[in-house]
Every structure is written in C-alpha cells, then in structure tokens.
Amino acid sequence: MKKRDPDLLLFHAPLLRQGMTTPKAMRDVIYALLPATGAALWFFGLSAVLIIVSCIAGAVLAELAFAKREQRGETLRDATGVLTGLLLALTLPPGLPMWMAFLGGFVAISLGKVIWGGLGHNLFNPALLGRAFLLATFPIAMTTWVPAAGGFFDIHASNLALPFMQAQVDGVTSATPLGMMKFEQEVTPLANLVFGRTGGSLGETSGLLLLLGGVYLWLRRDLDWRIPVSILLSVVVFSAVLTLFDGERFPSPLFSLFSGGLMLGALYMATDPVTSPVTPKGAWVFGIGVGVLVILIRVFGGLPEGVMYAILLMNAATPLIDRYTQPRVFGRGAKSP
Amino acid sequence: MRPLRLFRRSFEHGVHPAHHKSQTEDLEIQRVPFGKDYVMPLGQHIGVPSQPVVAEGDAVRRGQVIAEPGGFVSSALHSPVTGTIREIGNLRGVDGRFAPAIAIEADAFATQRVKPDPAMDWESLSLEEFIDAVQMAGIVGMGGAAFPSHVKLSVPDGTRIRHLLINGAECEPYLTNDHRLMLERPEALLEGAEIVRRKLGAEETIIGVEANKPDAIEVIREHLQPGQPVRVVPLKVKYPQGAEKMMIKSVFDKEVPAGQLPRDVEVNVNNVGTIVAIADYFLRGMPLIERVVTVAGPGVTYPANLIVPLGTPVRDVVRFCGGLKGGTREIIMGGPMMGRPIASLDVPVLKGCSGVLVFTEEQTARRKEYPCIRCGRCLEACPYFLNPSRFARLARARMFDEMKAHHVFDCVECGCCTFACPSNIPIVQLIRTAKDDLTHRKESDA
C-alpha cells in the first residue's frame, strides 16, 4: 500500500523566529514594575492597593467597552490595559480618591489608545495622557501629597471619597522633594531619594527599585537603552550647567536625577515603543529633548514636576524625529529620504 | 571602532538564530544511490533558461550536455544519469508551477560510472576560454542563488580584482553542507581557489568561515602550501554573515555601494561549493551534475549530508534518509531563513539546493499577528539599515512607489526583520510582494 504524502504547507521563509512576542514584551514591563509596586505598598499601604486596583479596573473596562465582541479576549491577553493602568497608578498621589483613579484609567485607554485606532497607533503615552487629564480636572487632589501611612491598613479617608465628591485631606500633608525644593528651597537628603523615604506619587519614590526593573527590561531587550540613558544624561548635564550659574537656586544633578517622576518616566514612560522614535538616532534626540524639557519645566515652570509634560511634548514630536533620523542605508551616501 | 573590529570581524546589525547544526555537522557526506526518475528544469539558475539540445527518446550518458546556455546570463545543463530522455516539456517546478524541464529515465542496468572528460590545461586557457568553460560546465552559485558563475567571473576591462573571497560562512541554521565540504575536501577547495585566483589575477584568496566551525578553519589551514596566498578568516557567528556584501563588510570593512557589485570594490565572492565545482571540472573533468545537500529538520528520520545527483526527486532523497516522521508540515529547499517551500515531494533537487529541511508543527504553527508597536527591533536587525516596519506599513497600504523611494530594491530579503518582529508581522514577505508588483508593473509598462 502506498503511503499518502503529507499535505505540504507553503509558508514562505523565514520559518524561524526569535522567541519574543508583543504580549510577552508588555508582560515583561509589568514584571519590571513589580519591585516598585511592592515599594508603593510598603510605603503607602492599602491606599496604594486601592489606587492601583481602581486604575487597572478603569483601564481594562475601557478596553472591554470599546473592543468588538469577538476581540474582547484578545484585548485582555496583550496585557496593555493592565500595564497602562498600573503605570498610571504609579504616577498618582496616594491620597487620591479611588473614583478619580478609576476615571483616569478609563480616560487613559479610551482617549489615549482606543480613539487612535488601538495598540500601536496612539501618538501620546496613554498613561501620561490619563494623568494629564486628571491633573487638568482635579488639580487640588492631584497635587495634595499625604505622607506615608502609619500602618499597612491605615487608609487615607480621601481614598474613599464618593464619586464627584472631594474629601478634605486628612490631617497633615507633606510636600514632595521637588515641591520643597521649588517652594521652600529645602533639599531632601539623597539617601532618602534613592531608597524612597520621601513623599510623592506611588511609584516615584524609590529610584533604586525602578532602576532595577529597568535593568531587567534592558537585559530582556525590551527597551531601547538609548532613551533612558540620554534622558538621564541630559538631565545631569543640564542641571550641572545650571548649578554652575547659581548653586543655591538650582538643584544639584543628583537631586534632579532621583527626585520626582524622572526615573519612572525615563525608564517606563518615555521608552514606550509606540510613542517614542523607532530609529536609534531618533531615540537620542527624543531622550535629550525630554531631559532638557524636564529641567526647564522644573526650574522655570509653575509646577514643581515636569516629566509628564516633557514626555508628552516629545511624543508629539516623534513622527517628525523619525522622519529626519532615518538611518543611512548600507552602501548609500549620507542622505536618505 | 576600528580596533574593535579586528576582534569581532562582522558587519553591523543582523540576527542570531539558534544554529540547529548539531543534527548533521558531524555526519560525513555520503552518496545517494541512483534512482529512476530525474527532472532537470531549464530555468534552475538566475537568468535565461537553457536550450535543450537533445530530443525525447535520445539515449544520454551521465555528464553529457543536454541543454546549452540560452544566452550570456545562462548556463549549460548535463544529464545527471545515464539513461533516456523521457520528456521535454512543462513539468512541475519547486513552487508547484509548471515550467520547461527535461525528464530523464535512468537506465537501471547502467553502472552510472562514466569516464570523465580529461583534465584541462587550465593554465594555458585565456580568460575568455576559461569563462566559456565555466559556463559550459554548468557551474552556478551553489550557495542558493544559483547565479551563473561565469558571469560573476567576467570582469570588464579596466576593473581589477585584488581579492578572491570564498564564502564558507554558512550562516543559515540547519545547513552543514559547506561545513562538511570544507572538512572533507580541503584540497579541492584550495585547488579551485588557486585556479580562480590566478585566472582573475587576484593578489590573495580569503576564505571566510563563521567561527562556529573551528574544525573547518583548522583543516583548511593545515592543507595550505607554504607561500600560498590564502588566508582563512574566522567571522562572527551572525546571520546573514554569508550575504556577499555583508561578508565584504566583515572582512574588508568596505561597503559595496548600492546598485554596484563586489568587483567595484575589487573583490570577487564565490561560495565554497562553487569553488570545489570549478576544481572538479578543470582538474577532473566533472561538470556540475551533483551537489552536496543537507537533509535535516525535526521531521526527517535520519538527518544526513548527501551527494545528490541533480534532478533527483526530493522523495528519493527523503526515502534514503528513512522517510518523513509523522507531523511533517512543510519542506524547505535551502535554508530556513531564505529557502523556498516545495509544493510536493516530486520536486527535483536543483543546483542551488543546499538543503532539504523538513519542518513540523512547531516551526509552521500559525503565529498570531499583533499590531506593530514600533519597537524598532526590525531596524536593528536589518543589515542594510533599511526601515522594515515602514515597508510593512506601506506594503499593506499598497504604496509601492513610496517603498521604491525608500530603497526597497536594496533589500536582499534575508528575512532578519520577520525573524526579529515580536508582533509576527510577515515583513519580508510583504516586501517581496511589493517588489514583485513593482517589477511586473515595469514589464507591462514597457
């Protein structure tokens, strides 16, 4: 008896792939954020949990609400909703009412991603867009910093405010290191900045843990190292130049490096591949742009922190940067359209 | 950068697929027994198809010319067996399409042991005679492209070739045929290298071998005659190290300008197999009627390196290797990065067929495609520094003319972009479609 030949497929080469897939890359970013998330729980207790859960819930709900029925499972699997929610949560103050966090997550996905055409098509970083929305809508709640809670189970009353209500912030408020620097010319010790014993957003307190996650992403080749390196370098250089002019008035390079949302922004927000340049040279331009804008806004702007606007502005410039930084094609002259 | 290059010997960008070479790298080359049916497609090289010079029913002997070159960029074909011409007409080709070919039925009683033509006095041949002889020997690039070798060796007046570069990189995963050839026939390789170098008037021969084949490097060095102007250069293991312009970059740190040829930087590049074929023809009178083929992949029972007469159906080759395992889904002729899928087991082994690779579910599973997230992995993979993600986007929008403006024709279709893409976008496949459209549109406009 003649054995039947197998039915042969005609998929075109290459048949081999490297192992990385887009959902895996997204999940890697979530894993990289886990140490910093853990630190948020350590410093802010249940308040952090409430805010993180609210943001993720808002983001995922927006994903589901705007996805076609048959794509709902898919949308969740690529993990971008959870990632956006988590990133947004890490930029929020611990005393923020839950309903605001939820709304922020919802807006981040719907206005930050869905209306552009979904994953890969948005111009701005969705998490930062959500934060910008919250800052514009609830400026007081967004700039009220409560100190780290006493125990894990102490919840800030403001967290539980009813929707469309804004609870009075309980007891003491504490300024962030950047706020103290800006408004009171008071410098926070560097060790506190590095290990996270400062006031601030959930995820921006511990520079060290954020850096750890960044190294993990770099090892996994999930982020373009040029972006964080160029941002941090340009921040250091620019603030060093400023301190040469007036060491009293301008913050020192190390202070600039470890205060505020710079680490979080440089490692996890600016490196969002969708909204940063695709070319290697473009990554440098983008990073330097962010770094310079951060210092400009921090030093000369009305707000103590400038990472969010710096990144959003450079997001807007990304298509243009890409156009003018195309690599030189092998075997061709320097110019390439 | 300069001093660093001395240590790593490589071009920039590219990818690192798993080698998968352990299956066959230690297996000696063995000969496949002769079968019954042979098919020699007339267009198995790049360029003009060959012209048959035999008729149906003719008796032919192994090594006899059965088709002459159809033009300058064309090559001769020889009968791989002693037998009878069964049919001249349209027969199924590699991709399943019908194309002109000569079918030969082997004489079951013939010994297939023919007396080769006498060795040639190659030293006394003029360059023109030498080039004609290479064409009549049917020798084409054996690395996979099957570009007629005599065309490569024809250097226009006023162009000087200083270096003969022999390509032993074998950067495609799974393939070990060049590796085995270098190990088992270093004398032939060095003889062929000397013939070509002398005929081209080159100063020296450089044999580029990826560093994952230290035994081959060692063996060739051992066989070098004192004073022979040959250097064996280990190259970084990286795909596509064997692409000729990449190898020139690795060895000489020179970029061949776009649209130009290696000879424009005074280099001539030939594959290891091609050089051995040249030695076999000029020293032993054997035209190109067989080649070394790696049979490997997860779906083949006994992987092997084989000398296969050209025109042998893949069916016979696979049967010799113990047949296909269950779960075979696809067979690739050539390497897994740039090879071609075959439509049926009746497809013949061609001059450019370096491997018969049998793949199963794992390599052929439908991969879910995700949107491009602009991660730039394809840009960092492309050895030509093109922007593959942009090409994919433009191809999907059918904006082929824009692709041309962005130098899509500089793309050599090495497949690094598709390999690197985490969103499983078939980038190089989209590029091929676009190039095809652009080429054919040009033809129909003319």
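The values are calculated or read from the model by the stated rules, or taken from the named source; none is laboratory data. Since we're looking at a predicted model, the values are computed, not measured. Because the Cβ atoms are built from the backbone with ideal geometry, glycine has one as well, and the counts that use them run over all protein chains shown.
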Looking at B:D401, is it farther than 16 Å from B:L379 by Cα, part of a helix (DSSP H, G or I), out of contact with any helix residue (DSSP H, G or I) (no Cβ under 9 Å at 6 or more places or on another chain) and more than 8 Å from every other protein chain (Cβ to nearest Cβ)? no
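Residue by residue, here is whether (1) hydroxyl-bearing (S, T, Y); (2) surrounded by fewer than 19 Cβ atoms within 10 Å (Cβ to Cβ) holds:
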residue: B:E194; (1), (2): no, no
residue: B:R197; (1), (2): no, no
residue: B:E204; (1), (2): no, yes
residue: B:F252; (1), (2): no, yes
residue: B:T274; (1), (2): yes, no
residue: B:I278; (1), (2): no, no
Cβ pairs under 7 Å, 6+ apart, first in region A:128-140 and closer than 14 Å to A:T84 by Cβ, second surrounded by 18 or more Cβ atoms within 10 Å (Cβ to Cβ) and β-branched (V, I, T): A:L128/A:I311; A:G130/A:V107; A:R131/A:T91; A:F133/A:V107
With the condition being facing another protein chain (nearest Cβ under 10 Å), I'd like the strands (runs of 3 or more DSSP E) fully within region B:296-379 carrying at least 1 qualifying residues. B:328-333, B:355-360
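Anything in region A:287-320 that is more than 15 Å from the chain's Cα centre (by Cα) and of a type in the set (A, V, I, L, M, F, W, C)? List them, or say none.
Just the residues of region A:287-320 that are more than 15 Å from the chain's Cα centre (by Cα), to begin with: A:288-289, A:292-293, A:295-304, A:316-320.
A:I288, A:V292, A:L293, A:I295, A:L296, A:I297, A:V299, A:F300, A:L303, A:A316, A:A317, A:L320 - these are the residues of region A:287-320 that are more than 15 Å from the chain's Cα centre (by Cα) and of a type in the set (A, V, I, L, M, F, W, C).
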Search result, residues across region B:166-189 that are touching a Leu at 6+ places or on another chain (Cβ under 7 Å) and either without any contact (Cβ under 8 Å) to a residue 60 or more places away in the chain or among the small types (G, A, S) (or both): B:A169
Listed residues B:G273, B:G242; which is assigned by TED's automatic domain parsing to the domain that holds B:I220, under 20 Å from B:V292 (Cα atoms) and in a loop (DSSP other than H, G, I, E, B)? B:G242
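Quick one: which of A:A127, A:A89, A:A141 is in contact with a helix residue (DSSP H, G or I) (Cβ under 8 Å, 6 or more places away or on another chain), assigned to a helix (DSSP H, G or I) and at pLDDT below 90? Show your work before the answer.
Values: A:A127 fails: at pLDDT below 90; A:A89 fails: at pLDDT below 90.
One residue alone meets the criteria, A:A141.
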Can you name the residue in region B:1-27 that is aliphatic (A, V, I, L, M) and surrounded by fewer than 18 Cβ atoms within 10 Å (Cβ to Cβ) and is also modelled with the lowest pLDDT among such residues? B:M1
Among the residues of region B:5-48, how many are within 30 Å of B:N387 (Cβ to Cβ) and in a strand (DSSP E or B)? 1
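Table: residues versus (1) among the charged types (D, E, K, R); (2) surrounded by 23 or more Cβ atoms within 10 Å (Cβ to Cβ).
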{"position": "B:D316", "(1), (2)": "yes, no"}
{"position": "B:R329", "(1), (2)": "yes, no"}
{"position": "B:G335", "(1), (2)": "no, yes"}
{"position": "B:A343", "(1), (2)": "no, no"}
{"position": "B:V358", "(1), (2)": "no, yes"}
Could we say that B:V356 is among the β-branched types (V, I, T) and free of Cβ contacts under 8 Å to residues at least 60 places away in the same chain here? no
The correct count of residues that are touching a residue at least 24 places away in the same chain (Cβ under 8 Å), surrounded by fewer than 23 Cβ atoms within 10 Å (Cβ to Cβ) and not small (G, A, S) in region A:107-118 is 2
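Name every residue in region B:190-220 that is of a type in the set (D, E, K, R), under 19 Å from B:G143 (Cβ atoms) and over 20 Å from the mean Cα position of the chain (by Cα), in order of residue number. Spell out the reasoning first.
Restricting attention to region B:190-220, the residues satisfying the condition of being of a type in the set (D, E, K, R) are B:191, B:194, B:197-199, B:203-204, B:210, B:213, B:215, B:218.
Pick out the ones that are also under 19 Å from B:G143 (Cβ atoms) and you get B:197, B:210, B:213.
Hit for region B:190-220 is B:R197, nothing else.
Here's the yes/no breakdown for (1) within 20 Å of B:V140 (Cβ to Cβ); (2) in contact with a helix residue (DSSP H, G or I) (Cβ under 9 Å, 6 or more places away or on another chain); (3) modelled with pLDDT under 95; (4) part of a strand (DSSP E or B):
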position	(1), (2), (3), (4)
B:G63	yes, no, yes, no
B:A67	yes, no, no, yes
B:G70	yes, no, yes, no
B:S75	yes, yes, no, no
B:T84	no, no, no, yes
B:G89	no, no, yes, yes
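Does B:F409 satisfy the condition of being in contact (Cβ under 8 Å) with a residue 40 or more places away in the chain and hydrophobic (A, V, I, L, M, F, W, C)? Lay out the reasoning, then the answer.
Values: in contact (Cβ under 8 Å) with a residue 40 or more places away in the chain: no; hydrophobic (A, V, I, L, M, F, W, C): yes.
No.
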